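Everything on this sheet refers to the single structure shown next.
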Amino acid sequence: MRSDDQLENRFEPFVLPLWEVGDETRSLLASFAASFPLRSPSCIDDEDMARYLLARSEGTIGELARLLTAAAVAAVESGEEQINRKTLTMADYIGPSERRKLFEKQLL
């Protein structure tokens, strides 16, 4: 919408708070881990992993879901069958800031 002035002017922005490391986030991550049909458990709900995931996804739930889904695909394709640092590194995922930079570069 930001690329179209007319469309952008039709909606009032509403800012959602970013997720932060805490019990709610760790519970969310445990739910994500349980929802992926991987053969081995993914231990992504500890504090260190939560910090890593929130930093990489920039704290939004949509980006977090996108990152974890990409990591689950990488886990299956690699045979790891769990989300871990290795599969997160292998994931086909570019964070929102990097995507924005790539988009803005194309506009020039």
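The values are calculated or read from the model by the stated rules, or taken from the named source; none is laboratory data. The structure displayed is predicted, hence computed values, not measured ones. Every residue, glycine among them, receives a Cβ derived from its backbone with ideal geometry; neighbour counts consider all protein chains shown. The protein model used for the area step is the full one, side chains on, heavy atoms only, and it has no ligands, DNA or RNA in it. Shrake-Rupley method; radii C 1.70, N 1.55, O 1.52, S 1.80 Å.
Gly79 passes every criterion in (1) open to solvent by 50 Å² or more (accessible area, probe 1.4 Å); (2) at pLDDT below 95 apart from (2). Under the condition of being part of a helix (DSSP H, G or I) and among the β-branched types (Val, Ile, Thr), the residues counted in segment 11-39 number 1. Taken over segment 82-94, the criterion of being of a type outside the set (S, T, N, Q) and in contact with a helix residue (DSSP H, G or I) (Cβ under 6 Å, 6 or more places away or on another chain) is satisfied by Ile83, Leu88, Met90, Ala91, Asp92, Tyr93.
Scanning segment 1-50 for residues that are open to solvent by 40 Å² or more (accessible area, probe 1.4 Å) and polar (S, T, N, Q) returns Ser3, Gln6, Asn9, Ser27, Ser31, Ser35, Ser40. Once segment 87-108 is narrowed to residues that are open to solvent by less than 100 Å² (accessible area, probe 1.4 Å) and modelled with pLDDT under 95, the residue that is farthest from the chain's Cα centre (by Cα) is Glu104.
Going through (1) among the β-branched types (Val, Ile, Thr); (2) surrounded by 15 or more Cβ atoms within 10 Å (Cβ to Cβ); (3) within 22 Å of Glu98 (Cα to Cα) one by one, Ile61 falls short only on (2).
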